[in-house]
């Protein structure tokens with residue numbers, strides 16, 4: 001029995017050596033005339049588990065502390081210093097990873113790909129802000145998210161935007177959310193992380209285009225409060241939906257409101273609900289007119305959306321590396 005096992009092991013080892021020799025003949029190492037030698041492959045070491053739990057602890061502690069500052073203490077100074085801490089820790093120290101905004105893609109990939117192993121810290125970073133927003137509103141956005149905090153530091157002279165323009169731009173996060181889910185579900189790409197405008201600033205190693213994109217957002221944020229958060233962030237869509245169910249929100253002493261209307265333009269993000277008088281009964285004619293316009297506009301929007309998707313489907317598909325490689329081969333058959 002032992003001899004059979006030894007013979008079997010010998011055959012297996014011989015087969016592996018033969019396979020390696022054949023592979024070396026089919027794919028020989030390149031020879032450089034300049035004398036350059038290939039550096040040895042270096043595998044990065046796995047991050048210590050204690051640091052992963054440290055990130056989780058810091059996230060939960062930050063969420064709890066900011067929630068207390070916003071709802072109980074009502075301290076703008078405290079929120080400011082908490083923003084500084086978030087930029088320093090979650091931004092530059094952790095280099096923007098793990099990020100609650102980008103964790104959305106990991107969750108989607110884990111749902112559609114059972115072979116994908118999702119880290120425990122990613123699950124916490126995705127669910128914890130949503131749970132807090134479900135009970136206390138979007139306190140994560142107030143000072144814990146480094147993407148929003150870094151924009152606040154550049155806000156110098158905010159200007160008010162037209163309500164219709166905010167409504168139109170507010171549709172972009174929903175489109176971005178749909179694309180990020182589609183690309184993650186098909187294992188194509190993590191477009192949120194790839195096109196994060198601030199990750200290159202936190203890591204100090206981005207390409208020129210990504211630095212330019214981040215700089216453009218920071219330049220815009222000098223006049224428009226948090227443009228990325230309001231008009232692009234896909235994770236903000238989920239926070240917006242869960243926060244609507246929250247019973248505790250930051251309020252401006254509604255019991256003492258005297259209708260002075262001084263608060264209407266005080267928020268650079270347009271987050272303050274303006275005080276209104278008792279709601280008037282809308283006439284039947286106005287309702288019919290409004291729905292008539294919707295009946296006419298919705299088919300037009302559907303046509304525009306379908307035409308846009310049909311026109312750019314090839315460009316969007318090339319985000320997948322396999323599709324991109326196939327297109328290169330088709331365009332250059334001699335390669």
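The values are calculated or read from the model by the stated rules, or taken from the named source; none is laboratory data. Just so we're clear, the structure is a prediction, and the values are computed from it rather than from any experiment. Quick reminder, even Gly has a Cβ in these numbers, built from the backbone with ideal geometry, and neighbours come from all protein chains shown.
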Worksheet item: Among the residues of the stretch 189-200, which ones are under 14 Å from residue 90 (Cα atoms) and buried (at least 22 other Cβ atoms within 10 Å of the Cβ)?
Response: 198, 199
Worksheet entry | Among (1) touching a residue at least 24 places away in the same chain (Cβ under 8 Å); (2) surrounded by 14 or more Cβ atoms within 10 Å (Cβ to Cβ); (3) assigned to a loop (DSSP other than H, G, I, E, B) - the single one residue 150 does not satisfy | (3)
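Can you find even one residue in the stretch 104-117 that is part of a helix (DSSP H, G or I) and within 20 Å of residue 226 (Cα to Cα)?
No, there is no match, as no residue in the stretch 104-117 is part of a helix (DSSP H, G or I) and within 20 Å of residue 226 (Cα to Cα).
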Item to complete: Tell me which of these residue 115 doesn't satisfy, since it passes every other one: (1) more than 29 Å from residue 78 (Cβ to Cβ); (2) free of Cβ contacts under 8 Å to residues at least 40 places away in the same chain; (3) in contact with a helix residue (DSSP H, G or I) (Cβ under 7 Å, 6 or more places away or on another chain).
Response: (3)
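Quick check on my filter: what residues within the stretch 35-56 are surrounded by 10 or more Cβ atoms within 10 Å (Cβ to Cβ) and either modelled with pLDDT of 80 or more or assigned to a loop (DSSP other than H, G, I, E, B) (or both)?
Hits for the stretch 35-56 are 47, 51, 52, 53, 54, 55, 56.
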Worksheet entry | Hits in the stretch 235-269 - residues which are assigned to a helix (DSSP H, G or I) and modelled with pLDDT of 75 or more | 235, 236, 237, 238, 239, 240, 241, 242, 243
Worksheet item: For residue 130, are the conditions met, namely being over 26 Å from residue 187 (Cβ atoms) and either at pLDDT 90 or above or surrounded by fewer than 16 Cβ atoms within 10 Å (Cβ to Cβ) (or both)?
Response: no
